[in-house]
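The values are calculated or read from the model by the stated rules, or taken from the named source; none is laboratory data. Owing to the predicted nature of the structure, the values given are computational and were not obtained by experimental measurement. Ideal geometry is used to build each Cβ from the backbone, glycine not excepted, and the neighbour counts take in all protein chains shown.
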Amino acid sequence: MHIAVTTRPVQPEDEALFHRLWPRLSRETVHRRFHAPVRTLPAGTVRYLVTVDHDLREALVAVVGGEVVGVARYDRPVADPSTAEVAVLVEDAWQGVGLGRQLVAELTSLAARRGVRTVTATVQPDNRPVLGLVRRLLPGSTVTPDDDVLVVTSRLDPEPVSEPPAPDSPLTTASP
């Protein structure tokens, strides 16, 4: 089953929504995203996560009923803006319905339009759902072991260059 939800660029005003999302995440979900048993999310970290320039740093949020239920982000270095590191987090109650797939597809499409040609992600070896998602969405990706994680590297096909969307404009609007 796949359910499309409304997504939009993250905004600094989403800080309270991120704080409300945190208690709805299981320890396993937090560990898979941060690769560590993070118990609390400091206010400074939340501020950093919701403050992006919509170019070198971008984040999309999935919103249902006024609450953030998923986040996908990329960060690309100034020295090589053709590469970006990608990370995704989906609230436990929304896992398995295609939300991660939707967020990754929208984020990688946006990144490609902005000139990103290679994305990387750090994935735990036992995270089969994410590894399956990578195989489906980004065929041809390479997976390289690195200590206790896997580094996934994927090439993106170029898309027409576009300006970053305004922070308050939805990238997609889909009914749940």
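What to note about this one:
- Selected residue (only one of V50, V64, V88, V69 is under 20 Å from V152 (Cα atoms) and not small (G, A, S)): V88
- Criterion applied to G100, G96 was being surrounded by fewer than 16 Cβ atoms within 10 Å (Cβ to Cβ), small (G, A, S), within 23 Å of H31 (Cα to Cα) and in contact (Cβ under 8 Å) with a residue 24 or more places away in the chain, and the one residue passing it is G96.
- Condition check for A43: over 19 Å from L156 (Cα atoms) and either touching a residue at least 40 places away in the same chain (Cβ under 8 Å) or β-branched (V, I, T) (or both): no
- Selection status of T153, touching an Asp or Glu at 6+ places or on another chain (Cβ under 7 Å) and within 13 Å of E85 (Cα to Cα): no
- Residue in segment 60-67 that is over 15 Å from the mean Cα position of the chain (by Cα), exposed (fewer than 14 other Cβ atoms within 10 Å of the Cβ), acidic (D, E) and part of a strand (DSSP E or B) present: yes
- Of all residues in segment 36-46 being small (G, A, S) and closer than 18 Å to V10 by Cβ, the one that is surrounded by the fewest Cβ atoms within 10 Å (Cβ to Cβ): G44
- Per-region count, segment 1-29, residues among the small types (G, A, S) and either surrounded by 15 or more Cβ atoms within 10 Å (Cβ to Cβ) or within 13 Å of L60 (Cβ to Cβ) (or both): 1
- When the residues of segment 27-36 are filtered to those that are touching a helix residue (DSSP H, G or I) at 6+ places or on another chain (Cβ under 9 Å) and either more than 11 Å from V90 (Cβ to Cβ) or not hydroxyl-bearing (S, T, Y) (or both), the one that is modelled with the highest pLDDT is E28.
Here is a yes/no grid of residues against (1) exposed (fewer than 14 other Cβ atoms within 10 Å of the Cβ); (2) modelled with pLDDT of 95 or more; (3) in contact with a strand residue (DSSP E or B) (Cβ under 8 Å, 6 or more places away or on another chain):
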{"residue": "Y48", "(1), (2), (3)": "yes, no, no"}
{"residue": "L56", "(1), (2), (3)": "no, yes, yes"}
{"residue": "A72", "(1), (2), (3)": "no, yes, yes"}
{"residue": "P77", "(1), (2), (3)": "yes, yes, yes"}
